[in-house]
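Engineer: Before I ask anything, here is the structure I am working with.
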Amino acid sequence: MKKQKKHIISQVQEGSIAMELEIEKGDTLISVNGQPVEDIFDYRYLMNEEYVVLEIQKADGEIWELEVEKEYEEDLGIEFENGLMDDYRSCSNHCIFCFIDQMPPGMRDTLYFKDDDSRLSFLQGNYVTLTNMSDHDIERIIRYHLEPINISFQTMNPELRCKMLHNRFAGQALEKVKKLYDAGITMNGQIVLCKGVNDGLELENSIRQLSEYAPVLQSVSVVPVGLTRFRKGLYPLELFSQEDAKEVLSIIHSWQQKMVEKHGIHFIHASDEWYILAGAELPEEDTYDGYLQLENGVGMLRLLGDEVQEALERRQADQRKLRITSATGALAAPFIKKYIDRIRVKFPGVQAEVVTIRNEFFGENITVSGLITGRDLMAQLSGKELGDKLLIPCNMLKNDEDVFLDDITLEEVSQKLNVEIVVVDESGEDFVSAVLDPPEHKKQKRRQMYEQTGSSNCGQA
C-alpha cells in the first residue's frame, strides 16, 4: 500500500481564509474532502469547490478537521515547502545533445539536475520527452485538463528517437501524443536539431507527421544543438554551417506556407539563431503566431526590436548626457547595438558601447547571453571605461538570486569593475528604461536556463 503523503505548510498569507481558520506555518495538510493529495494538481483540483473539508495535523500532532465554505476556485492562502507538493522527476534519458552532460565539473549541484517532469511543463513551461510519463500521468493531464503541455520531440522516427535519447522506450512514448491530441490537450513542441542526425529528410518527415496534430499541437520550434568545449567522450556532433542554416530555413518556410493555407497558423518556427547563421533577415511579427515559442529563442530579437521602437515613440526627445556600456553574447550583440542606435537618434547625448562577451567558460561556440559567467564578464571588462552604468540581460543571473552560473555574485562583479550594474528585464520598454533612466534596484523577472539547447528562458538572447 502506497504511503499517504503529508504536505508541510511553509507560509500563511495575511488576511486569508487559512489564517482565519488558525492554520499556521509548520502545520501539515493530510487530505482534502477525504482524498489524499498526490501533488499540486490534485490539490488545485480538489480545492475548486465551494465546500471543502480539510484534514490538518498541527505541530503537536493533534489532528484538526476543518470545514470551509468559500467561493468556487477561491484560494485558501497557503504555500507549501515543496511548490510541486511532490518530488521532482529526474530525466531517465541520455540524450546525445544534452547540455548538462557538457557542463564542467565543480559547479553547484542544482545545475546538474535533469528534470523531465510533465507537471513542470504545465507550471513552468519546461519541455518534456514523455518517456517519464505513465498512463496514470496521461489520464491526470486529461482529467484535470492541464495545458499546454510542452514536448521535446526531436524526431518522429521512433528508432532514431531511441538512439537520440538513449532510451529504448523513447519511440514508444510518441504514442502518448495521440492520446493528448484526441483529448484536445493543447501542446507545443520542440526539435533540437543535430547535424547529420535528425536534419534534412528526417526533419521533413518529422514536420510532416507533427503537422497532423495541428492545431491542437499549436507550434513546434526548431533550435540548433548547443555545443560546449566539454564534450570529451560524448556523441560526436558538429556545428551547422551557413549553408546548413539556409537549408533548414528553406524546409521550415515551405511548411509554414502549407500550414497557413491549411490551418491559418505558421506552426513550425525557426529560432533566431538560424536566421543569424544564414545571414537572413528576421521574419515579420505576424510570422510568429503570437510568439508562442519565445522561450526557445523564437522571435525574441524581433519582439525586442518592435518593443524598443514602441517605447521610444512614447518618449519625448531631450539632450540628457549619459555614457553606458551594454554587455551581451555574440548572438544578440549586433541587434542590441542596432536598438541602442535607435535610442541615440532621439537622445543624441547618450554615448553607448556594446561589448560582445566571448564565452571562454563554456567555449566560443556558445553565443547566448544566458550562459555568460561572472568571471568572463570580469576578465573581459576589467580596465575598460564603462561609463555611468553597465547593462546586462536578466538571463545571465540565477532565477531568484543575483548570482551568475559560476556562483559569482552581481555585487562582486560590480565591485571588481567599479561600476553600477543594471539588470535589464524582459521587454523593450525595460531595455529603453535601462538605457535612459536611473537604476531602480527592482527585483528582476528571470527564469531558469533551458538545459537541452543551451538557450535561456528569459528576455534577450
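Engineer: Quick one: dipole size for the stretch 303-436, taken about the Cα centre, charges +1 on Lys/Arg Cβ and -1 on Asp/Glu Cβ, in debye to the nearest 20.
Structural biologist: Its charge dipole is roughly 740 debye.
Engineer: Considering the zone a paramagnetic label at TYR291 would reach in this model (a point 7 Å from Cα along the Cα-to-Cβ line), which residues of the stretch 300-344 have amide N under 12 Å from it?
Structural biologist: 300-311
Engineer: May I ask you to compute the full-extension gain from GLU38 to GLN13, defined as 0.36 nm times their residue separation minus their alpha-carbon distance, rounded to one decimal in nm?
Structural biologist: Value of the extension gain: 6.7 nm.
Engineer: Which listed residue (VAL260, VAL192, GLY233) has the Cα farthest towards the positive end of the charge dipole for the stretch 172-286, taking +1 on Lys and Arg C-beta and -1 on Asp and Glu C-beta about the Cα centre?
Structural biologist: GLY233
Engineer: Could you tell me how many cubic angstrom of Cα convex hull volume the chain has per residue?
Structural biologist: Residue-normalised Cα hull volume stands at 179 Å³.
Engineer: What is the fewest-to-most order of GLU364, GLU353 by other Cβ atoms lying within 10 Å of their Cβ?
Structural biologist: GLU364, GLU353
Engineer: Let me make sure I get this right: for the stretch 303-436, a, b and c are the square roots of the gyration tensor eigenvalues over alpha carbons, sorted descending. Under 1.5 in a/c it's rounded, otherwise prolate if a/b > b/c, else oblate. Which is it?
Structural biologist: prolate
Engineer: What FRET efficiency comes out for the pair GLU420/ASP306, r = Cβ-Cβ distance, R0 = 41 Å, nearest 0.05?
Structural biologist: For R0 = 41 Å, the calculated efficiency reads 0.90.
Engineer: Would you order ILE63, ILE366 from fewest to most other beta-carbon atoms within 10 Å of each residue's own beta-carbon?
Structural biologist: ILE63, ILE366
Engineer: Hey, if you put +1 on the Cβ of every Lys and Arg and -1 on every Asp and Glu Cβ in the chain, which of GLN11, VAL248, TYR288 ends up farthest toward the positive end of that dipole?
Structural biologist: VAL248
Engineer: Another question, then. Can you list, largest first and rounded to whole Å, the semi-axes you get for the stretch 100-295 by taking the square root of 5 times each eigenvalue of its Cα gyration tensor?
Structural biologist: Here the semi-axes work out to 25, 24, 16 Å.
Engineer: Taking the Cβ of each residue in ASP60, ASP430 as the centre, tally the other Cβ atoms inside 10 Å and list the residues starting with the fewest.
Structural biologist: ASP60, ASP430
Engineer: Between GLU261 and ASP437, what length comes free when the chain is fully extended (0.36 nm per residue of separation minus the Cα-Cα distance, one decimal in nm)?
Structural biologist: 58.8 nm
Engineer: Please give the charge dipole size of the stretch 192-323, origin at the Cα centre, charges +1 on K and R Cβ atoms and -1 on D and E Cβ atoms. Round to the nearest 20 debye.
Structural biologist: That gives a dipole near 620 debye.
Engineer: Could I ask something else about it? Given an 8 Å cut-off on Cα distances and at least 6 residues of separation, report the relative contact order of the stretch 145-272 as a percent.
Structural biologist: 25
Engineer: Still on this structure, please answer the following. Taking the Cα centre of the chain as origin and charging only Cβ (+1 Lys, Arg; -1 Asp, Glu), how large is the dipole, in debye to the nearest 20?
Structural biologist: My answer is approximately 1980 debye.
Engineer: If I model a spin label at GLN242 and GLU429 as a point 7 Å from the Cα along the Cα→Cβ vector, what separation in nanometres do I get?
Structural biologist: Here the answer is 3.9 nm between the modelled labels.
Every number in this text was worked out from the coordinates using simple rules, so none of it is lab data. Because the structure is predicted, anything quoted here is derived from the model rather than measured. Please note: Cβ atoms are built from the backbone with ideal geometry, for glycine as well, and neighbour counts cover all protein chains shown.
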